[in-house]
Amino acid sequence: MLRQSPASPLLSLPGAVPAEAPDEGVAAHYGDLFREQRALADGSGFVDLSHRGVVAVTGAERLSWLHLLLTQHVSDLPPGQATEALILSAHGHIEHAVSLVDDGETTWMHTEPGMQEALIAYLESMKFFYRVEVADRTDEIAVVHLPAGSIAEAPAHTVVRETPHGRDLFLPRTGLESFADAHGPAIGVLALEALRVEAHRPRLGMETDHRTIPHEVGWIGSAVHLQKGCYRGQETVARVHNLGKPPRRLVFLHLDGSEVHLPPHGTPIRLAADGEEGRQLGFVTTSARHHELGPIALALVKRNVPVDAPLMAGGTAAAQEVVVEP
């Protein structure tokens, strides 16, 4: 069983509604989902991500060691430069996804809620004679997200991971409430998820299953560096990139807005022409209600599904947009 992070003290804020799996421990929203989305899109407020696992790696050889294990080129990662990386199985399937930054002394990573123990177990098994130390800092450090365009200043001595989508701050967990007082409004994870779906960005455990390879969900380039080797699963990455096509591809869906309920994760995808009894061609990975686009989703479908074919997500009509080329 995955070990969950401590419940956020920000769940006591007015209007807070607890999130469901996989985001238990923080707020889904604070009473007005679309207002929160608009604020986030405008660069206001912050998102409490204190349920995510936090792992710190120290030691003089940390970057050269991580370079051997991760799909990303990190041996010369400059202090303060954000990146993301994967850990693959020997067959090239995605096992872990990490968002990381190095502050010159420590490499800080955050990962999916409850995944930090399995991540640390793998890293510990690969230490050998390298001068590195791996620590679970989840109980001490909380991640909060400031959206792109935010003018909020990070507290002094805070590790900041800055990306085109915003800044992730690694804060002392004891400082969450004072941070919220200074940098509100607090925004729930459902708003962040809606913007993630709009941006076609995959998430481990949502857009992936036990057999997903990076090419299927668009992680080549952003999380996988094609000019480096020496990591587990690299042969599969190179073979598919150079010689073939992945068996599945990520698509973006515009869902029929007349439906009351969103199709949940795992909902079968079929050709609309075949109806609900047709052959399953994929599944919904994440669905959301967007403040401008209405109901939207990401889905993983077979590569040979025609890119212009109308689809059905369960009983909901869906028009697809290409994310990963077939």
Go through 104, 185, 246 and say which Cα lies farthest out towards the positive end of the charge dipole of the chain; charges sit on Cβ, +1 for Lys and Arg, -1 for Asp and Glu.
246
The alpha-carbon center of segment 4-63 and that of segment 186-244 are separated, in whole Å, by 22
Given C-alpha coordinates of segment 29-118, what is the ratio Rg to Rh with the Kirkwood estimate of Rh?
1.07
Give me the dipole magnitude in Debye, nearest 20, for the chain about the Cα centre, with unit charges on the beta carbon: positive for Lys and Arg, negative for Asp and Glu.
920
For the modelled label position 7 Å from the Cα of residue 90 along Cα-to-Cβ, which residues of segment 220-264 have backbone nitrogen atoms closer than 11 Å?
233
Keeping all protein chains in place and using 1.4 angstrom, which order do 8, 258, 64 fall into by accessible surface area, from largest down?
258, 64, 8
Assigning unit charges at the beta carbon (Lys, Arg +1; Asp, Glu -1) and nothing else, what dipole magnitude in debye, to the nearest 20, does segment 173-326 show about its Cα centre?
800
When only DSSP loop residues count, what trypsin sites (Lys or Arg not before Pro) in segment 216-280 have their Cβ near at most 12 other Cβ atoms within 10 Å?
279
Figure the gain on full extension for residue 303 and residue 199 (residue separation times 0.36 nm, minus the Cα-Cα span) and round it to one decimal in nm.
35.4 nm
Please turn the phi angles of segment 107-113 into ³J(HN,Hα) values with the Karplus equation 6.51 cos²θ - 1.76 cosθ + 1.60 (θ = phi - 60°), one per residue in order, whole Hz, x for glycine and proline.
9, 9, 10, 10, 9, 4, x
Could you state the orientation-averaged shadow area of the convex hull built on the Cα atoms of segment 211-319, in nm² to one decimal?
8.0
Percent of alpha-carbon pairs separated by more than 39 Å within the chain:
13
Check: segment 200-239 dipole with +1 on Lys, Arg Cβ and -1 on Asp, Glu Cβ, in debye
120
Placing each pseudo-label 7 Å from Cα in the direction of the beta carbon, residue 133 and residue 227 end up separated by a distance in nanometres of 3.5
Can you tell me what percent of all Cα-Cα pairs in segment 76-138 are more than 20 Å apart?
30
How much FRET efficiency would the formula 1/(1 + (r/R0)^6) give for residue 280 and residue 160, where r is the Cβ-Cβ distance and R0 is 56 Å, rounded to 0.05?
0.85
If R0 = 41 Å, then residue 272 and residue 211, at their Cβ-Cβ distance, give a FRET efficiency to the nearest 0.05 of 0.95
What lysines does residue 228 reach when the alpha-carbon gap must be under 26 Å and sequence neighbours fewer than 8 apart in one chain are set aside?
127, 245
Starting from the eigenvalues of the Cα gyration tensor, five times each then square-rooted, give me the equivalent ellipsoid semi-axes of segment 1-159, largest first, whole Å.
30, 18, 14
Accessible area of residue 130, 1.4 Å probe, to the nearest 10 Å²?
80
Dipole axis of the chain (+1 Lys, Arg; -1 Asp, Glu on Cβ), positive-most option in 56, 119, 226
226
Stretchable slack from residue 117 to residue 60, in nm (0.36 nm times residue separation minus alpha-carbon distance):
18.2 nm
For segment 1-58, place one equal point scatterer on every Cα, skip the solvent, and apply the Debye formula. What is log10 of I(q)/I(0) at q = 0.17, 0.22 Å⁻¹?
-0.62, -0.91
Want the number for residue 7 to residue 81: 0.36 nm per residue separation, take away the alpha-carbon distance, what's left?
23.7 nm
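The values are calculated or read from the model by the stated rules, or taken from the named source; none is laboratory data. Everything numeric in this text was worked out from a predicted model, so none of it was measured. Counting neighbours? That spans all protein chains shown, and the Cβs are built from the backbone with ideal geometry, glycine included. Please note that ligands, DNA and RNA were not included when accessible areas were found on the heavy atoms of the full protein model with its side chains. Shrake-Rupley method; radii C 1.70, N 1.55, O 1.52, S 1.80 Å.
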